[in-house]
Amino acid sequence: MAAWVPPDALGRRLLCGTEYGTVRYVGSVPPTAGIWLGVEWDDPQRGKHDGTYEGTQYFKCRHPKGGSFIRPNKANFGVDFLTAVRNRYGLNDEQDVQHGTENTVVFGKKTVEFVGMDSVAEQQRQVRLNQLVDISVRECAVGHAGQKEEISRTCANIRHINLSKNLISSWETVTAIASQVQNLETLNISENKMKFPSASTSVSSVFSKLRILALNQTEITWAEVLLCAPGWPALEELYLTSNNITVLERPDNVLQTLKLLDLSDNQLLDGNQLHQIAHLPRLEQLILRNTGISSIHFPDAGFGCKTKMFPSLKRLAVNSNKISQWSSINELDKLPGLRSLQCHNNPVMDTEKNPETLRQLIIAKIGGLEVLNKSEILPAERKGAELDYRKIFGNDWLAAGGSCNPEKNKPSEEFLAAHPRYPALCLKYGAPEEGELKGRQPLTLKNQLLTLTIKCPENPEQKPVEKKLPESMTIQRVKGLLYRLLKIPGSELKLSYESSKLEGKEVELDNDLKPLQFYSIENGDCVLVRW
């Protein structure tokens with residue numbers, strides 16, 4: 001008997017063993033007899049050819065060896081949604097058949113069957129299905145919605161569905177399932193390669209309460225997103241990773257409620273694509289990991305001004321990209337609400353060998369930042385970073401026309417382009433004077449070792465110790481070292497230092513976040529430890 005082939009098999013998703021694929025051809029393949037399915041495999045290693053056999057092309061594949069033929073009896077076209085739910089949550093008929101003896105009770109040698117127990121079991125199943133709110137049928141081979149209205153009759157309370165990595169072939173199937181779930185709030189249909197509408201569809205209320213939608217690895221384009229988006233009037237979070245989206249278009253009258261957008265692992269054409277989504281009024285979080293962008297620019301705002309783009313943006317992730325210029329970091333200060341930034345693994349991060357210096361530069365350049373690379377920026381750290389920045393580039397500022405005298409203070413356009421926040425730092429802390437800038441070396445040059453004498457003036461039994469410490473070592477790390485070195489009990493250390501250049505004067509090392517070089521400590525100076 002020939003294996004059954006669904007009438008809509010062409011374009012359907014299937015499983016063969018553990019391999020996923022899409023049917024690209026249904027028919028005969030001479031000289032063999034019978035029906036064959038031409039399949040384009042998700043994993044090209046599973047295939048043998050590009051759809052061409054014995055000189056005849058039956059179908060096309062994106063990969064030259066991504067296709068092969070299988071017999072229909074080898075194909076699994078999946079199950080309906082409710083069957084998958086029952087299988088996953090142990091609420092199917094087969095399990096009740098296996099436990100059928102539970103419907104009988106033995107009295108002596110007589111077996112008494114309770115009439116109506118099957119209907120009671122069915123009622124219990126229905127009650128349990130109706131109690132499900134959060135359903136996950138990931139990798140359960142869901143291929144279609146099933147009978148109309150069956151889901152709404154059986155699972156009336158569903159709010160969250162995970163349908164990822166199934167056999168869903170089209171957006172129509174998703175709509176057919178969702179149309180039976182009145183209060184659907186969260187939907188994950190990632191890892192389903194499906195067809196999306198190619199023309200605008202009539203707006204329905206199917207997704208009227210949907211807040212979170214994940215469409216990762218579905219091969220959707222941005223144009224298709226915009227065609228579907230009128231049906232998502234309340235959407236707040238949209239995940240679109242790994243979809244080969246390269247070009248963005250401006251969303252007009254759609255996605256206006258969106259608070260989070262994840263476009264990670266899509267190779268965008270350039271950073272200017274971001275301008276297309278820059279006017280989403282409520283967008284608070286934008287995730288752009290590994291999108292290939294090499295620069296960020298907000299052309300509507302000048303030095304020290306705020307952009308009108310991304311008016312609500314608070315959290316931005318641009319890690320693992322190709323950003324190589326500090327000018328892109330400067331541009332981020334134009335975002336009025338930016339509070340959190342992830343930017344590691346970009347070429348610009350390689351311009352500084354000392355990670356602490358790198359962090360200080362970014363903090364000083366972006367004034368509103370509160371979290372950098374998932375690490376909170378404390379007020380003392382911000383103040384230290386900004387004061388350092390003001391001093392490090394003070395001589396450049398003077399050379400470029402900067403002055404403590406407001407009438408003479410005219411730094412060049414070139415300087416302001418490189419350091420757009422510098423005027424704001426001068427307003428905040430006062431302009432640097434020539435005297436305080438003398439002898440100040442840039443942080444990037446301060447990685448030499450210092451030879452210091454460690455003394456405990458209040459404990460004469462403790463002999464002085466000589467140690468070599470890197471100038472970039474923070475006071476906090478110095479304290480940690482001294483706890484171990486001097487075997488001091490867990491009490492708060494107070495550090496200061498003496499220098500031959502400062503006779504009779506102690507300088508307190510009062511900021512745990514500052515490196516030794518911040519206090520201008522030199523070789524031969526003496527660190528005093530008290531507790």
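Both numbers refer to the Cα atoms of the stretch 12-74; Rg and Dmax are 10.7, 30 Å. For the stretch 385-405, the residues whose amide N sits under 20 Å from a probe point set 7 Å from the Cα of residue 327 along the beta carbon direction are 397, 400. If we count every other residue with Cβ under 12 angstrom of residue 291's Cβ, Lys/Arg +1 and Asp/Glu -1, where does the sum land? Its environment carries a net charge of -1. Residue-wise HN-Hα couplings along the stretch 289-305, as the Karplus relation 6.51 cos²θ - 1.76 cosθ + 1.60 with θ = phi - 60° gives them from phi, are 5, 6, 10, x, 6, 10, 7, 10, 8, 10, x, 7, 10, x, 4, x, 9 Hz; Gly and Pro carry x.
Magnitude of the charge dipole for the chain, about its Cα centre and with charges confined to Cβ atoms of Lys, Arg (+1) and Asp, Glu (-1), is about 360 debye. An ellipsoid equivalent to the stretch 380-429, defined through the eigenvalues of its Cα gyration tensor, has semi-axes of 19, 11, 9 Å when rounded to whole angstrom and sorted largest first. Computed 3J(HN,Hα) for the stretch 72-84, one whole-Hz value per residue from the Karplus formula 6.51 cos²θ - 1.76 cosθ + 1.60 where θ = phi - 60°, is x, 5, 8, 9, 10, 8, x, 10, 7, 4, 5, 4, 4, glycine and proline marked x.
Across the chain, the convex hull enclosing all Cα atoms gives 255 Å³ per residue. Each helix, a run of at least 4 DSSP H residues, gives -39500 (n - 2.57); summed and divided by the residues of the chain, these come to -6000 deg cm²/dmol at 222 nm. In this simple spin-label model, placing a label point 7 Å from the Cα along the Cα-to-Cβ direction at both residue 531 and residue 511 gives a separation of 2.6 nm. Centre-to-centre separation between the Cα atoms of the stretch 354-431 and those of the stretch 286-348: 18 Å.
Here the simple spin-label model places points 7 Å from the Cα toward Cβ, and for residue 395 and residue 43 these points are separated by 6.1 nm. Of the residues 18, 221, 173, ranked by 1.4 Å probe accessible area with the largest first, the sequence reads 18, 221, 173.
Length available on full extension from residue 502 to residue 465: 0.36 nm per residue minus the Cα-Cα distance, which gives 11.2 nm.
If I take every Cα pair under 8 Å that is 6 or more residues apart in the stretch 449-530, average their sequence separation and divide by the length, what percent do I get for the relative contact order?
Details: 135 pairs, mean separation 34.1, N = 82.
Reported relative contact order: 42 percent.
For the pair residue 88 and residue 522 in one chain, pulling the backbone fully straight at 0.36 nm per residue adds 149.4 nm over the alpha carbon distance. Mark the label point 7 Å from the Cα of residue 315 along Cα→Cβ and return the residues of the stretch 222-244 whose backbone N is within less than 18 Å of it. So the set is 235-241.
Full extension of the segment from residue 73 to residue 133, taken as 0.36 nm per residue of separation minus the current Cα-Cα distance, would add 18.0 nm. Here the simple spin-label model places points 7 Å from the Cα toward Cβ, and for residue 60 and residue 378 these points are separated by 6.2 nm. Once all protein chains are placed together, residue 282 keeps about 130 Å² accessible to a 1.4 angstrom probe. In the context of the full protein assembly, residue 155 retains an accessible surface of approximately 0 Å², using a probe radius of 1.4 Å and ignoring ligands and nucleic acids. Rounded, prolate or oblate: which fits the stretch 449-530 when a ≥ b ≥ c are the square roots of the eigenvalues of the alpha-carbon gyration tensor, with rounded for a/c under 1.5 and prolate only if a/b beats b/c? Here the stretch 449-530 falls in the rounded category.
Here residue 209 is the anchor, and the lysines within straight C-alpha reach of less than 22 Å, apart from those fewer than 8 places off in the same chain, are 148, 259. Farthest toward the positive end of the dipole of the chain, out of 521, 27, 152, is the Cα of 521, where the dipole comes from beta carbon charges about the Cα centre.
When the Debye formula is applied to the Cα atoms of the stretch 227-372, each taken as the same point scatterer, what base-10 log of I(q)/I(0) results at q = 0.11, 0.13, 0.14, 0.18 Å⁻¹? Summing over Cα pairs of the stretch 227-372 leads to -0.40, -0.56, -0.65, -1.07. The DSSP beta bridges internal to the chain are antiparallel in roughly 55% of cases.
Remark: accessible surface ordering of 477, 62, 390 (largest first) is 62, 477, 390, probe radius 1.4 Å.
Between residue 428 and residue 252, what's the calculated FRET efficiency when r is the beta-carbon distance and R0 is 45 Å? Round to 0.05. Walk me through the intermediate numbers first.
On the way: r = 41 Å, r/R0 = 0.90.
It comes out at approximately 0.65.
The values are calculated or read from the model by the stated rules, or taken from the named source; none is laboratory data. Nothing here was measured: the structure is a model prediction, and the numbers come from that model. Reconstructed Cβ throughout: ideal geometry from the backbone, glycine too, with neighbour counts over all protein chains shown. Remember, those area values only see protein heavy atoms, side chains included, never the ligands or the DNA or RNA. Shrake-Rupley method; radii C 1.70, N 1.55, O 1.52, S 1.80 Å.
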